[in-house]
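What follows is a set of notes on a single structure, which appears directly below.
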Amino acid sequence: MPPPEPPRPPHARDPHAARHGARGARAVESLTPLAPRPLNHVLFRQYWRDLLFLHWEADPFEVARLLPSGVVPDLHNGRTYVGLVFFRMEGLALGSTPPLPHLGTFDEVNVRLYSRDALGRRGVVFRSLDCDRLLPVLAARVAFGLPYRWARTSRRWFGDRLVYRTRARAGRRGERPAAHAWADVHDGVAVPGPLDAFLTSRWGLHGSVAGRSYYLPNTHPAWTFRPCTLLDWDASLVGAAGLTPPRQEPASVLYAPGVPVRFGTPTALPPVRHHPAAGHPAP
């Protein structure tokens, strides 16, 4: 017997609610293998390598409370998800300038949620981003309000086995949330399913800085995935990010060799308006 469908917050009952919700809301953009909009200006560039995506179903009520103003949980077949993503960042560069030496290359582990705004744009919302370079951590927190955290992160290959680990440096209360993932990566090409496309066809992020929500677009080539087998995992970072820690095996596990990525300039989100029929704020 399949598990019962989790409850959904009132403003996220319909995965296409933007079509029928607050006045002025636009249709939700389609899931496409390439970005649906070109960038007018490249703010910064980077390369994502050896990505390992782990995803679990999440409580929509928890997710809704953790999103910036002006966005709601994005849903796939009535469900929303939390992702734990491990990867290697390389060649971070501003605009058309050369990549930053040393500071522009590091391992990163992030916890992310899935969102959409009143313009129908799908995005991700980061709840935490672990990185072992202090200067990028400080710059991203100040410039974009992103919850970067200085951590001890590592990536190792043992033949075909990929191992990621992260542990935050001690915070004010002494907490040191951690996570790891071990996976065997196989030859060949993996064909992503509808859920995988929903989780990875994301062409921007939603964030908030100084109390103002924004959308930051990105573009990159279409993903190429390879088959992989998850051997072991620890998702303690998910609990540390304010969500119920996952207890079951991930609903989706993906490995991607990597893509070059470009980010555009951020734009402010439309203000939140009260939806009189629903009795709650709507974007």
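The values are calculated or read from the model by the stated rules, or taken from the named source; none is laboratory data. Worth saying up front: this structure is predicted, and the values here are computed from it rather than measured. Cβ placement follows ideal geometry from the backbone for every residue including glycine, while neighbour counts extend to all protein chains displayed. Note: areas computed on protein heavy atoms with side chains; ligands, DNA, RNA excluded. Shrake-Rupley method; radii C 1.70, N 1.55, O 1.52, S 1.80 Å.
Ignoring any ligand, DNA or RNA, what whole percent of the accessible area of the chain comes from carbon and sulfur when the probe is 1.4 angstrom?
Carbon and sulfur together cover 56 percent of it.
Is the C-alpha gyration tensor of the stretch 77-231 telling us rounded, prolate or oblate? Criteria: a/c under 1.5 is rounded; beyond that, a/b larger than b/c is prolate, otherwise oblate.
Here the stretch 77-231 falls in the rounded category.
Please report the antiparallel percentage of the DSSP beta bridges confined to the chain, to the nearest 5.
Within the chain, antiparallel bridges account for around 95 percent of the total.
What does the extension gain come out to for Arg156 and Glu175, with contour length at 0.36 nm per residue minus their alpha carbon separation?
Using 0.36 nm per residue and subtracting the Cα-Cα distance, I get 4.3 nm.
Order these peptides, 260-267, 115-122, 211-218, by their mean beta-carbon neighbour count within 10 angstrom, highest first.
In descending order of packing, they fall as 115-122, 211-218, 260-267.
Restricting the count to DSSP beta bridges whose residues both fall in the stretch 117-201, what percent are antiparallel, rounded to a multiple of 5?
Just about 85 percent of them are antiparallel.
What do you get for Rg/Rh of the chain when both radii come from the Cα atoms and Rh is the Kirkwood radius?
Value, to two decimals: 0.94.
When only alpha-carbon atoms are used, what values of Rg and Dmax, in angstrom, describe the stretch 22-85?
Looking at the stretch 22-85, its Cα Rg and Dmax stand at 15.2, 42 Å.
By how many degrees, between 0 and 90 and to the nearest 10, does the Cα long axis of helix 134-144 differ from the longest principal axis of the chain?
Between helix and principal axis, roughly 10 degrees.
Evaluate the stretch 14-153: find the radius of gyration of its Cα atoms, find its Kirkwood radius, and give the ratio Rg to Rh.
Value, to two decimals: 0.99.
Can you give the accessible area per residue of the chain, in Å², using a 1.4 Å probe?
I get 48 Å² per residue for the chain.
In sequence order, what are the phi-derived ³J(HN,Hα) couplings for the stretch 239-245 according to the Karplus relation 6.51 cos²θ - 1.76 cosθ + 1.60 with θ = phi - 60°, rounded to whole Hz, with x for glycine and proline?
After applying 6.51 cos²θ - 1.76 cosθ + 1.60, I find x, 5, 8, x, 10, 5, x Hz.
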